[in-house]
Amino acid sequence: MSINQFLETAENMVRVAVERCETDSHIVIARYTAAIAGNFQKWLGFTTPVHPYSQWAIADNLHLEKEENHDDMLRDFAKFCKARPEMGHYDYVGSSVRSVNALFQRGQLLCGLHGLALAAVLENTSKIFIPDLAKRAKECGCTDFTYTDKHGEADVAHSDAFRQALEKERSIEYSHFDLRVREAISHGLVLIRTIFS
């Protein structure tokens, strides 16, 4: 299966999950913040791809995340939505977060492939869930949309970069490349669907 097919399938599944979600907007935003703030940058930091282009794609995204302080940007977004995560929200997404963490405990080579596939699916499907988060934020009376505005603009470029990076990694001698990519994408999908359940 091609990288595009993997990501298009994931996109369709996320669209269904987001469109069918009837959970209170405060809860969705709190779950999203609990799952992503403090974790996405960590996952990028654990990602050690082999191909030079892939290394650049990860380093570029991580640099932007840190330079613009996206973790605090997201926490502020939750605060402005009156949706700061509480222990129950962390517990709710905890199993999915731990499953993603486990992807990075299988050796350095697989950390690169798993991390790229995870980043690719999260960035690619953000064009679906970021606008939904912005809509929910309006329902919550949010007055600062810096987080959703910033990610709506930047994630398209990052999605393309990670898509290309995965294609570059195909040239590396990975064992069961498609299986590994499918596994990482699946864990990313479970995380998103948990948030929007």
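Readers should treat all values here as calculations from the given coordinates under stated rules, not as data from a laboratory. Nothing here was measured: the structure is a model prediction, and the numbers come from that model. Ideal geometry is used to build each Cβ from the backbone, glycine not excepted, and the neighbour counts take in all protein chains shown.
Some notes on this structure:
- Spatial extent of the stretch 96-135: Rg and Dmax, with the Cα atoms as the point set, Å: 12.7, 40
- Against the chain, whose longest principal axis is taken from its Cα atoms, helix 3-20 shows a tilt of about 20°.
- Degrees, to the nearest 10: 146-169 long Cα axis against longest axis of the chain: 10 degrees
- Shape call, the stretch 140-197: gyration tensor on alpha carbons, a/c limit 1.5: oblate
- Chain lengthening between R20 and H176 when straightened (0.36 nm per residue, less Cα-Cα): 52.8 nm
- For the chain, the Kirkwood radius over C-alpha pairs fed into Stokes-Einstein at 4 °C and 1.567 mPa s yields D = 78 µm² per second.
- Label-point separation, Y90 to Q105 (7 Å along Cα→Cβ), nm: 1.8 nm
- Counting other Cβ atoms within 10 Å as a rough exposure proxy, the listed residues W56, W43 run W56, W43 from fewest neighbours to most.
- For the stretch 1-112, the Rg and Dmax computed from alpha carbons only, in angstrom: 15.9, 43
- For the stretch 62-109, the C-alpha radius of gyration sits at 1.49 times the compact-globule guess of 2.2 N^0.38 Å, with N the residue count.
- Within a straight-line Cα-Cα reach of under 22 Å, K66 can be paired with the following lysines, leaving aside sequence neighbours fewer than 8 residues apart in one chain: K42, K79, K127, K150.
- Cβ crowding within 10 Å ranks F6, F77, F145, F162 as F145, F6, F77, F162, fewest other Cβ atoms first.
- With Cα atoms defining each centre, the stretch 158-181 and the stretch 25-104 are spaced 21 Å apart in the structure.
- For V156, V14, V121, order by how many other beta-carbon atoms lie within 10 Å, fewest first: V156, V14, V121
- Nitroxide proxy distance, nm - points 7 Å out along Cα→Cβ at H63 and D149: 2.5 nm
- Cα shape, the stretch 78-155, gyration tensor, a/c 1.5 rule: oblate
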